[in-house]
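Have a look at the structure that comes next, please.
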Amino acid sequence: MPTPVEIAPAQGKLGVLLVGLGAVSTTTIAGAIAVRRGFAKPIGSLTQMGTVRLGKRTEGRSPRIDEVVPLAGLDQLVFGGWDIFEEDCYAAARTAGVIEPSLLDRVRPELEQIKPWPAVFDQRYVKRLDGPNVKKGRNKRELAEQVMDDIRRFKADHGLDRLVMVWCGSTEVFLTESEAHASLQAFERALEASDPAIPSSMVYAYAAIKMGIPYANAAPNLTADIPALTELAAQTRSPLAGKDLKTGQTLIKTIIAPGLKARLLGVEGWYSTNILGNRDGEVLDDPESFKTKEESKKSVLDYILQPQLYPDLYEDLCHVVRINYYPPRGDNKEGWDNIDLVGWLGYPMQLKINFLCRDSILAAPIVLDVALFLDLAKRAGMHGIQEWLSFYFKSPMHAPGLYPEHDLFIQLMKLKNTLRYLKGEELITHLGREYYD
Ligand SMILES: NC(=O)c1ccc[n+]([C@@H]2O[C@H](COP(=O)([O-])OP(=O)(O)OC[C@H]3O[C@@H](n4cnc5c(N)ncnc54)[C@H](O)[C@@H]3O)[C@@H](O)[C@H]2O)c1
């Protein structure tokens, strides 16, 4: 039997720092409180409902994940966050319009207590937004110090034991890695000089990681996935995860594509279009923010279908992704996929998918799981990129030189095997010879 990893107990309170109190954050917070109070069920959350099989199939051992590894309970969570708007979490949840007022009103007092701290914000990085609740500072280093002060104050005021941070802010404009990101030294110089290569999201990420706080990115923008911040995470032993939550159309894509490939069905074209009417949709209406999202959405099929190994099936695949801002639909996104398939002897077929989803309803359980699993990783001494959390992301962070794993089922196996490894249980390979020997 392998030896279990030593994991510090999940004692005391866990502070969950959310950057941006928009649709995703408020749905996460209101949802976690509603579940805690017994008003609703945490559907879609592995940490709250998932099980993990241990040992042989004949043993019948499938405990709940939270019985296998020590996770913080919902009643131990305290939420805090930043936004460029001053609305408290209740008002922000009403603006987002995801959860019905009748349920929000039942958790209203708790939500009203969560008032966003002034944000680090610069419109250069999110062109469609502007708001009054913004920090001022001499340079970006000073702004990072102010974020660290907010975190220290929050920790002291609520007597918190540990913290995690998740960026749930708007998608920033497309940026590529540059010299300012190459090392921690270069990054800190760039903070001092307020280098434009450092968007607001990186200022928060730097502040969290500097304090040894686990950090995840729920959006597709370049944030913690730069050498400077992975170097800092190694120094401060902070776990990292990201990026861009796998919800909606991409979730379905990473469920369907592995199935088609498993049966070696060819794909000639995959046309994906969406209508979305929330603030995220409005931000993504800006071509520069959309480019960040498009990059994140488009790479998925290449990695899953592996055209370099199967040129006859996937080499000329035409993959188109569109997001259309359509206000009447609010957070209730509608996605259409048309897949042009090729079968035996080259015969064409078509598959149409029409997904009427609720974006933030799919995203909230992920934010909760990622926060709880990152806290677990920290207590288990795991730091740097947590590839086992790829399951939750459209563009999973990965070590340099590795390709990211996008197949949802491989990702789930990786996640559950990591839990078995932490617990000192045999990993499950699904070979199963022993049942027939
Ligand atoms: N909803 C989903 O299913 C989903 C899936 C994947 C990724 N995402 C990403 O998650 C992020 C949040 O999505 P959402 O639907 O909640 O969007 P939203 O527009 O409702 O919320 C984002 C919030 O972030 C705030 N904000 C922007 N810049 C900020 C800054 N520098 N500091 C503090 N606050 C800032 C905005 O004011 C807004 O309130 C987006 O980037 C989105 O692309 C969402």
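The values are calculated or read from the model by the stated rules, or taken from the named source; none is laboratory data. What you see is a predicted model, and the numbers here were worked out from it, not measured in a lab. Note that each Cβ is placed from the backbone with ideal geometry, even for glycine, and that neighbours are counted across all protein chains shown.
Filter segment 257-274 for residues that are closer than 14 Å to Val321 by Cα, buried (at least 22 other Cβ atoms within 10 Å of the Cβ) and either modelled with pLDDT of 95 or more or away from the ligand (no atom under 13 Å from the Cβ) (or both) and give the result.
Scanning segment 257-274 gives Trp270, Ser272.
Another question, if that's okay. Can you find, within segment 235-256, the residue that is surrounded by the fewest Cβ atoms within 10 Å (Cβ to Cβ) among those that are within 8 Å of the ligand (Cβ to nearest atom) and assigned to a loop (DSSP other than H, G, I, E, B)?
Asp244
Mind telling me which of the residues Gly80, Gly97 ends up being closer than 20 Å to Ser25 by Cα, modelled with pLDDT under 95 and in contact with an Asp or Glu (Cβ under 9 Å, 6 or more places away or on another chain)?
Just one listed residue meets the conditions, Gly97.
Also: Return a yes/no flag: does segment 159-174 have any residue that is surrounded by fewer than 22 Cβ atoms within 10 Å (Cβ to Cβ), modelled with pLDDT under 95 and under 22 Å from the mean Cα position of the chain (by Cα).
yes
Still on this model: Kindly indicate whether any position in segment 281-298 is within 25 Å of Ser390 (Cβ to Cβ), in contact with a Phe, Trp or Tyr (Cβ under 6 Å, 6 or more places away or on another chain) and charged (D, E, K, R).
So far as segment 281-298 goes, yes, one or more of its residues are within 25 Å of Ser390 (Cβ to Cβ), in contact with a Phe, Trp or Tyr (Cβ under 6 Å, 6 or more places away or on another chain) and charged (D, E, K, R).
Please determine, by comparing only the residues of segment 286-321 that are among the charged types (D, E, K, R) and within 21 Å of the chain's Cα centre (by Cα), which one is modelled with the highest pLDDT.
My answer is Asp302.
For the condition under 30 Å from Asp285 (Cα atoms), in contact with a helix residue (DSSP H, G or I) (Cβ under 8 Å, 6 or more places away or on another chain), touching a residue at least 40 places away in the same chain (Cβ under 8 Å) and assigned to a loop (DSSP other than H, G, I, E, B), what is the one hit in Ala216, Ala224, Ala197?
Only one candidate passes the filter, namely Ala224.
Under the condition of being within 13 Å of Glu110 (Cα to Cα) and out of contact with any strand residue (DSSP E or B) (no Cβ under 8 Å at 6 or more places or on another chain), which residue from segment 5-34 is nearest to the ligand (Cβ to nearest atom)?
In this case the residue turns out to be Thr26.
Sort out which residues of segment 112-124 are under 23 Å from Asp331 (Cβ atoms) and surrounded by 22 or more Cβ atoms within 10 Å (Cβ to Cβ), and write them in order of number.
Passing the criteria: Ile114, Pro116, Ala119, Phe121.
Quick one: in segment 133-143, which of the residues that are more than 11 Å from the ligand (Cβ to nearest atom) and part of a loop (DSSP other than H, G, I, E, B) is nearest to Val283 (Cα to Cα)?
Lys136
For segment 71-122, enumerate the residues that are assigned to a loop (DSSP other than H, G, I, E, B), within 16 Å of the ligand (Cβ to nearest atom) and hydrophobic (A, V, I, L, M, F, W, C).
Ile84, Phe85, Val98, Ile99, Ile114, Val120, Phe121
Let me ask something else about it. Ile43 is checked against (1) of a type in the set (A, V, I, L, M); (2) crowded, with 18+ Cβ neighbours inside 10 Å; (3) within 16 Å of the ligand (Cβ to nearest atom); (4) farther than 30 Å from Phe121 by Cα and fails just one. What number does that condition carry?
Single failed check for Ile43: (2).
Cβ contacts < 9 Å: first residue at pLDDT below 95, restricted to segment 30-50; second residue of a type in the set (A, V, I, L, M, F, W, C), any location; separation 6+ or different chain. Result?
none
Okay, next question. Got a number for residues in segment 144-177 being acidic (Asp, Glu), more than 22 Å from Ser289 (Cβ to Cβ) and in a loop (DSSP other than H, G, I, E, B)?
1
Find the helices (runs of 4 or more DSSP H) located wholly in segment 275-385 whose residues include 3 or more that are over 30 Å from Gln11 (Cβ atoms) and within 12 Å of the ligand (Cβ to nearest atom), and list them.
By residue number, 279-284, 287-305, 359-379.
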